[in-house]
Amino acid sequence: MEKEKSATHVIAKAQSGLLHQGLKNWQGRKEWFFNRKNTDTYELYYEGPYKRAEKWQKKVLEQLVSQDKRVNTLLEFGCGTTRFTRWWAEIGIEATGGDISPFMLSQAMHRFGGDLVMADSHHMPFKDHSFDALAFVTTFEYYKDPVKVIREAARVGKYGIVMGMMNKITPKFIRRRTQQFFGKNPFYETARFYTPKTLIAVIDEALKGRKYTVEWTTTGLPKWFPVQQWNLPVGDFFGLYVQFKDVD
């Protein structure tokens, strides 16, 4: 089905005046991705200490979504600077990016050659089944109404939802909360950390009446660990794919 894009939401490459310096809040709270100090250095994290982690995260996501041969197009919400959005094309998937942060999208416009939309994930400005799948990569943790977001994703994405999540069961969870307590890490102040089990419970609530399967796997294990991916709910990151079985 043809994509429906409101002219007020689609971001043209040549558009100016995108940034609003006074914009700080979303969902009634301050968020790190409305702070230029954080967003302007976002890509540096993946180019530096998270380079190895990114490699395994992409491997996990590819493994999960590639099993569903119906997925050729994808909308990634919370795309940020399009770090992962740019990557989908490498595995044969045409991606569109969506985000609420003008600061993130101002960088995305110069990094990504595809379509971008500035919108709230709770109200996606697309027709039903506009894409084969929806993706959320380390962004779902920031939604105050996750059930509503999943229902929107299931409406817009025809065949499935792929999710890359920060896992709660990891030694880094304690470090993150300690940093947050001392005001040293703004990135997780409003984040809700999930485990595969707790996320599946939210998915089940959101998708009552639908027929689907859920598959997940975990990575983000210490470098010295004998394996870097497994099907136990322990690790810094887990990928999850919801595959809809009630559509042609």
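The values are calculated or read from the model by the stated rules, or taken from the named source; none is laboratory data. All values derive from a computational prediction rather than experimental measurement. We place every Cβ from the backbone using ideal geometry, glycine too, and count neighbours over all the protein chains shown. All accessible areas refer to the heavy atoms of the entire protein, side chains included, with ligands and DNA or RNA removed. Shrake-Rupley method; radii C 1.70, N 1.55, O 1.52, S 1.80 Å.
Before moving on, here are some points about what is shown:
- Among the candidates V227, V247, residue that is at negative phi and either free of Cβ contacts under 8 Å to residues at least 60 places away in the same chain or of a type in the set (G, A, S) (or both): V227
- Residue within segment 198-209 that is polar (S, T, N, Q) and touching a helix residue (DSSP H, G or I) at 6+ places or on another chain (Cβ under 7 Å) present: no
- Every residue from segment 94-130 that is part of a loop (DSSP other than H, G, I, E, B), touching a Lys or Arg at 6+ places or on another chain (Cβ under 7 Å) and hydrophobic (A, V, I, L, M, F, W, C): F112, F126
- Taking the criterion of being open to solvent by 20 Å² or more (accessible area, probe 1.4 Å) and touching a residue at least 40 places away in the same chain (Cβ under 8 Å), the residues of segment 87-108 that qualify are I100, S106, Q107.
- Condition met for G80 (in a loop (DSSP other than H, G, I, E, B), of a type in the set (G, A, S), without any contact (Cβ under 8 Å) to a residue 60 or more places away in the chain and surrounded by fewer than 19 Cβ atoms within 10 Å (Cβ to Cβ)): no
- Just one residue in the set L74, L61 is touching an Asp or Glu at 6+ places or on another chain (Cβ under 8 Å) and either under 16 Å from M163 (Cβ atoms) or touching a residue at least 60 places away in the same chain (Cβ under 8 Å) (or both); that residue is L74.
- Residue match in segment 133-155 (condition: under 26 Å from Q67 (Cα atoms), of a type in the set (S, T, N, Q) and open to solvent by 10 Å² or more (accessible area, probe 1.4 Å)): yes
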